[in-house]
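Have a look at the structure below, then the notes.
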Amino acid sequence: MSIFGRATTILNIVAEGRGQLSLTDLSQRSGLPRSSVHRIVQELEREYFVIRTSPAGGYSLGPGVLKFGMNSHLQLVAGMRPVLTSLARAVNENVELAIFSGREVVVVDQVSSTARLHAVTQVGKSFSLHGSCIGKVLLAQLPDWKVREVLPEVLTAHTSKTITDVNRFIAELAEVRENNLAFDHEERDVGISAVATCIRNAAGVDQAVAIVAPTERFNVLSKLFVERLSRLQGSIDTRNLLFGASAG
């Protein structure tokens, strides 16, 4: 593995560890010698890409990476905000935008419907990959071997309807790939259902767009939601999704 590859591996693990991982933890999770991890972390600290969060060791992402994250976030949101707003008005439900973040998916923008569901998701909130439609539709863009590599060893049951069998989950992803639509039937939160599609922007970033609603209403309006998301897939010019152009 190259030096750059080692550094990005450490950064990804630090991001997932949320300030709780020591050098020994980083070494164990990365498979790199502790001495190598120590040198890499020292270099990252020097540029403020990571910072120490406790005297005992524990590292988190530092302000050096913030400018990259903010720039990426602004580009994604600027291009998709008009699309999300238009979709939310059309279905009169909450609409969310999410992207990969390490081994999780993160909601980076949301348009809430004032007449419908109060926001159940905060922008910046992360979700497990297997327990949400946004996670499913993003994972479906990867080959099965990569999906197995990215998924945790144990799939946590968020509700009684969460898929916790890896083989069954992989089989569902095959269905998702057929029409680029993934469903969440109370697999993350009881009483809440959702459907999502994946749109790839000009920079090659996969973005999940989801419509979220109370299950009772979702069951009645799911055909409308699917129709609108399917229409969205064919109406967006991804070349213009970096700096604010919108779809009609």
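The values are calculated or read from the model by the stated rules, or taken from the named source; none is laboratory data. What you see is a predicted model; the values in this text were computed from it and never measured. Heads up, the Cβs are rebuilt from the backbone with ideal geometry, glycines too, and the neighbour counts pull from every protein chain shown. These area figures cover heavy atoms from the full protein model, side chains too; ligands, DNA and RNA do not enter into them. Shrake-Rupley method; radii C 1.70, N 1.55, O 1.52, S 1.80 Å.
As a test of reading the structure, rank ARG231, ARG177 by solvent-accessible area (1.4 Å probe, protein chains only), most first.
Largest accessible area first, the list is ARG231, ARG177.
Going through the stretch 1-47, which GluC sites (Glu not before Pro) have at most 16 other Cβ atoms within 10 Å and a DSSP loop state?
Listed in order of number, the matching sites are GLU47.
Using a 1.4 angstrom probe on the protein heavy atoms only, line up VAL209, VAL106 by accessible area, largest first.
VAL106, VAL209
Between LYS146 and GLN42, what FRET efficiency comes out of the Förster formula 1/(1 + (r/R0)^6) with R0 = 25 Å and r the beta carbon distance, rounded to 0.05?
Rounded to the nearest 0.05, the efficiency is 0.20.
Given R₀ = 30 Å, FRET efficiency for THR215-ASN180 by Cβ-Cβ distance, to 0.05?
0.85
Using the Karplus curve 6.51 cos²θ - 1.76 cosθ + 1.60 with θ = phi - 60°, work out ³J(HN,Hα) for each residue of the stretch 85-95 in order, rounded to whole Hz, and write x for Gly and Pro.
Calculated HN-Hα couplings, in order: 4, 4, 5, 4, 5, 5, 9, 6, 9, 5, 10 Hz.
Can you pull the accessible area of TYR48 for me, 1.4 Å probe, Å² to the nearest 10?
Number for this one is 140 Å².
Just the number, please: carbon plus sulfur as a percent of the accessible area of the stretch 145-189, 1.4 Å probe, no ligands or DNA/RNA counted.
48
Could you order peptides 82-95, 130-143 by the average number of other Cβ atoms within 10 Å of their residues, highest first?
Going by the mean number of other Cβ atoms within 10 Å, highest first, we get 130-143, 82-95.
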